[in-house]
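Student: Below you'll find the structure I mean.
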Amino acid sequence: GGFFPEAGEAGGAGESGVVGEEELARWEAAISELSCPASSSLEAFLLPTDDPRVHTAREDLSHIDPTKQRGVVDWGRCETRHQRARTDEELGAKRPLTQWVSQGHCAGPDFAWHDWFKSQVERVVDLCDINYLRLAREGQDANYKTLVWNLSQNVDRSTASSRPGVCPCLTPNMVPYVTNRGGPIVGPEVLALQGIPVDDLLLTRENNDQMADLAGNAMSSTIVGTCILAALLLSRDTLRAFDAPKPDAAAAGAGGLVTSTGSSETQADVAGGLAMAEKPLALLGEGGVGPLAQLLAEAAGSARMCASEGRTRVASDIVRCAKCGTTKSKSGCPESWPEHVDMAPVTEPRTPPREFEAKLAAALPMVVTLGGLGCADGMRPAGALLPAGIEAKLLSPTRGGGGDDDEDEDEEGAPRRKAKAKPAAKKVGPMDRLLGKKKKAEPPTPLSPPRRADAAAARKSPPRQRDTASSKDEALWRGWAAAVKALERERFTYAEATRGESWSVTFRSEKGRVVMHLGRECVEWLAYASPPPQRGVLRELLLQPVARMRVPASAAGLLDGAWELCLPVLRQVPVTVASVGEPVESWQASIGLEAEWKGSTRFRSWRVEMADSAARLFDVDVRGEYELLEKCGGAMNCLHRRVGDGAPLFLFLDPHRIGAAEHDSVVFATSAERVGYGETRRTVASLDASWRPWTSGDSPPASRSEAVHCIVRGAWAAAPKVSLSPVGYEGAKHAYPAAPPKLALDASSRASATAPAAVPVVRCAVPLSEEEAAAWP
């Protein structure tokens with residue numbers, strides 16, 4: 001929120017003629033008019049967990065200064081309240097999140113900040129468990145939802161954020177714990193949530209507590225900016241009286257402005273410049289990467305195998321689970337859960353990540369381009385693209401978090417604000433107060449451009465008819481084809497190489513991106529088109545890759561593969577999901593929940609069956625028996641793996657980070673790793689959101705066999721005309737000193753009031769096309 005100024009009682013602004021009650025009312029109405037629902041999640045303002053600034057703040061938060069006076073926490077006074085909450089809410093006595101014991105052991109999940117957990121008092125860690133149990137009772141796993149818990153509050157107060165993805169009011173002494181991070185919001189992030197550009201500030205002397213204190217006592221810059229903008233707009237007629245004359249163009253150009261080449265037009269050449277050695281700039285890569293199988297082995301050896309490794313560290317005591325393939329460090333996560341099965345040491349050689357990243361960047365082209373995408377026009381699949389009723393399953397109203405402030409959709413998927421009922425006694429709205437007394441010819445508002453007669457006539461056009469199924473199919477196909485063809489001959493520039501459980505390299509452009517994934521057995525290139533901002537089926541499909549190319553390890557080069565396009569078609573395939581074996585204890589019962597969850601069960605294995613004709617609609621055949629991996633975790637401990645010796649295929653619950661739990665689906669995927677913010681999990685298919693592998697109640701069934709709809713998004717089709725090629729720049733050069741520079745300040749330079757002239761140490765020149773040059777200042 002923000003503070004609104006008030007007029008003084010005597011001798012105030014109203015009496016001086018500067019501003020009065022009417023102007024204040026119009027200003028307040030203008031601020032209300034500029035308000036809009038939040039368009040970004042909390043995580044959009046958070047730094048990556050492996051960011052060096054987060055690492056520094058994490059060490060600061062986990063360190064207990066022995067010289068710092070710390071108040072004695074009377075856990076006995078709070079323990080009674082915690083026990084009462086567990087009894088009244090039927091949460092049970094277990095501690096499933098932290099597994100802590102009095103004055104000793106505390107073990108969080110493997111992705112959490114274990115050093116931070118161990119530095120917390122018992123009241124805090126027990127409150128984490130109670131909040132975790134509260135959400136589990138409602139069918140949510142907090143470790144996979146973006147929620148903020150205020151751990152500085154007592155258990156009988158409101159300690160959790162009202163909706164996923166929304167941050168509550170921040171206070172200086174608050175302990176804001178982010179559930180799917182496993183740690184708190186740190187100082188630079190708290191400032192970012194107030195709208196402060198932390199990337200433009202040098203925050204090296206302020207510690208985490210000082211930044212939290214600054215943010216907790218500050219106003220959001222978005223609120224302040226809105227108030228200033230509204231005041232300027234309403235006062236524009238008054239401000240025009242103070243317009244200064246425009247400066248003379250000739251005088252303005254005599255200041256020696258720096259040109260795009262990096263040199264000043266009026267500044268003389270720098271005296272004493274270094275001798276520069278000029279060489280051609282290799283933008284196509286300095287050479288081959290050697291055998292592709294060797295490159296993939298080095299990529300696997302340098303990938304991150306534990307959350308404790310961060311961006312650059314390489315742990316030496318890595319172990320791997322024999323069931324799910326998860327790796328972690330025994331010293332980095334010594335007491336974490338899940339415990340996994342048959343953790344065997346990893347014997348493959350490890351490569352330093354910085355060394356591999358440098359080798360990869362030197363070998364890859366800096367710019368690539370896609371060609372042949374025009375073939376998408378002739379690849380429209382036969383039949384309907386959108387089966388009846390599938391839109392409602394893909395676009396649930398509470399997918400983005402729910403609540404009255406969410407945006408609704410019109411029939412084309414465009415966002416539309418929900419109309420809110422106004423009090424009956426209120427006869428005028430904000431616009432009427434802003435404009436004053438309503439007249440027959442209503443003037444334009446100060447916050448919008450003047451209305452024109454043609455625009456008014458357009459608003460009187462008759463309402464459009466409801467779209468039919470064929471028109472929706474046609475609109476979807478046109479939108480998808482336009483997005484794909486926009487990537488034709490687009491130049492994608494090398495952006496970054498990211499170290500995760502596998503390496504990925506991203507090339508970006510204004511219209512999309514190309515991502516190269518280095519797996520264990522192949523290199524996969526994925527092309528993404530920019531999705532439209534409005535919600536709809538088209539956006540859901542464009543969040544997934546529109547094209548892919550898989551290059552096997554036996555190929556000669558990184559670009560030697562065949563491309564496929566993912567056509568925009570959705571299918572509802574009937575499958576049969578049947579239980580196998582005897583029922584076992586459900587996750588809810590295993591963590592101690594009572595009431596309806598006491599005695600609830602699930603089955604250890606499931607069999608998925610379907611007709612052969614239906615199986616051909618899947619990119620990967622998902623039929624088979626799936627065994628529960630009880631010790632390998634996953635959301636709500638619901639990770640299953642298909643039994644057999646083939647490629648791994650998993651069945652598990654995949655929650656949306658900010659969506660309602662009832663709209664989360666159980667999915668089929670080739671990988672069950674945790675997905676970070678901004679990433680989209682690539683799934684083979686998803687089951688109907690109503691299906692769950694557990695049952696509640698006093699008398700659970702001895703067996704289950706159900707017909708479930710399985711949703712398949714997209715259909716892959718070969719596109720032999722599509723190609724990916726590097727872009728060469730003839731004449732690109734770079735120069736640097738031929739000998740190591742020796743720079744020093746002599747006595748005369750120290751006595752001078754002006755700084756010495758800058759000495760160039762590197763120079764780069766790349767010829768650009770007209771389109772590329774337009775993007776440079």
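The values are calculated or read from the model by the stated rules, or taken from the named source; none is laboratory data. Treat the numbers as computed from the prediction; the structure is a model and nothing was measured. Note that we place each Cβ from the backbone using ideal geometry, even for glycine, and neighbour counts take in every protein chain shown. SASA here: full protein model, heavy atoms, side chains in, ligands and nucleic acids out. Shrake-Rupley method; radii C 1.70, N 1.55, O 1.52, S 1.80 Å.
Student: Determine which single condition Ala486 fails, assuming it passes every other condition in (1) under 30 Å from Glu391 (Cβ atoms); (2) free of Cβ contacts under 8 Å to residues at least 12 places away in the same chain.
Tutor: Checking Ala486 against (1) under 30 Å from Glu391 (Cβ atoms); (2) free of Cβ contacts under 8 Å to residues at least 12 places away in the same chain, the one that fails is (2).
Student: Can you find a residue in the stretch 57-73 that is surrounded by 15 or more Cβ atoms within 10 Å (Cβ to Cβ) and at pLDDT 85 or above? Before you say what the answer is, go through the steps one by one.
Tutor: Of the residues in the stretch 57-73, the ones surrounded by 15 or more Cβ atoms within 10 Å (Cβ to Cβ) are 57-58, 61-62.
Pick out the ones that are also at pLDDT 85 or above and you get 57-58.
Looking for residues that are surrounded by 15 or more Cβ atoms within 10 Å (Cβ to Cβ) and at pLDDT 85 or above, one finds at least one in the stretch 57-73, hence yes.
Student: What residue, of Ala192, Ala251, Ala212, is at pLDDT below 85, of a type in the set (Gly, Ala, Ser), open to solvent by less than 90 Å² (accessible area, probe 1.4 Å) and part of a helix (DSSP H, G or I)?
Tutor: Ala251
Student: Scanning for something open to solvent by less than 80 Å² (accessible area, probe 1.4 Å) and at pLDDT 85 or above, does the stretch 745-765 turn up at least one residue?
Tutor: yes
Student: Scan Leu538, Leu565 and give me the residue that is closer than 19 Å to Ala481 by Cβ, open to solvent by 30 Å² or more (accessible area, probe 1.4 Å), of a type in the set (A, V, I, L, M, F, W, C) and outside any loop (DSSP other than H, G, I, E, B).
Tutor: Testing whether each residue is closer than 19 Å to Ala481 by Cβ, open to solvent by 30 Å² or more (accessible area, probe 1.4 Å), of a type in the set (A, V, I, L, M, F, W, C) and outside any loop (DSSP other than H, G, I, E, B) leaves just Leu538.
Student: Please go through the stretch 665-676 and give me each residue that is open to solvent by less than 10 Å² (accessible area, probe 1.4 Å) and touching a residue at least 24 places away in the same chain (Cβ under 8 Å), ordered by number.
Tutor: The answer is Val666, Phe668.
Student: Let me ask another. Which one of these is open to solvent by 40 Å² or more (accessible area, probe 1.4 Å), among the acidic types (Asp, Glu), under 23 Å from the mean Cα position of the chain (by Cα) and closer than 28 Å to Lys328 by Cβ: Glu662, Glu627, Glu585, Glu679?
Tutor: Among Glu662, Glu627, Glu585, Glu679, only Glu679 is open to solvent by 40 Å² or more (accessible area, probe 1.4 Å), among the acidic types (Asp, Glu), under 23 Å from the mean Cα position of the chain (by Cα) and closer than 28 Å to Lys328 by Cβ.
Student: Among the residues of the stretch 558-571, are any under 21 Å from Asp664 (Cα atoms) and either touching a helix residue (DSSP H, G or I) at 6+ places or on another chain (Cβ under 7 Å) or not hydrophobic (A, V, I, L, M, F, W, C) (or both)?
Tutor: Within the stretch 558-571, one or more residues are under 21 Å from Asp664 (Cα atoms) and either touching a helix residue (DSSP H, G or I) at 6+ places or on another chain (Cβ under 7 Å) or not hydrophobic (A, V, I, L, M, F, W, C) (or both).
Student: Filtering the stretch 594-619 down to residues that are assigned to a loop (DSSP other than H, G, I, E, B) and open to solvent by less than 70 Å² (accessible area, probe 1.4 Å), which residue is nearest to Arg704 (Cα to Cα)?
Tutor: Residue satisfying both the conditions and the ranking: Ser600.
Student: Consider only pairs whose beta carbons are under 7 Å apart and that are at least six residues apart or on different chains; among these, list those whose first residue lies in the stretch 353-374 and is within 10 Å of Phe507 (Cβ to Cβ) and whose second residue is small (Gly, Ala, Ser) and in a loop (DSSP other than H, G, I, E, B).
Tutor: Listed by first residue and then by second, the contacts come to Leu364/Gly285; Pro365/Gly285.
Student: Quick one: in the stretch 545-562, of everything that is open to solvent by less than 40 Å² (accessible area, probe 1.4 Å) and within 29 Å of the chain's Cα centre (by Cα), which residue is farthest from His517 (Cα to Cα)?
Tutor: Within the stretch 545-562, the first condition is being open to solvent by less than 40 Å² (accessible area, probe 1.4 Å), and the residues that meet it are 545-549, 551, 553, 555, 557-558, 561.
Applying the additional criterion that residues be within 29 Å of the chain's Cα centre (by Cα) yields 545-549, 551, 558.
Values: Pro545: 13, Val546: 15, Ala547: 14, Arg548: 11, Met549: 10, Val551: 10, Leu558: 11 Å.
Filtering first and then ranking leaves Val546.
Student: Taking the stretch 366-382, which residues are open to solvent by 20 Å² or more (accessible area, probe 1.4 Å) and within 27 Å of the chain's Cα centre (by Cα)?
Tutor: Met366
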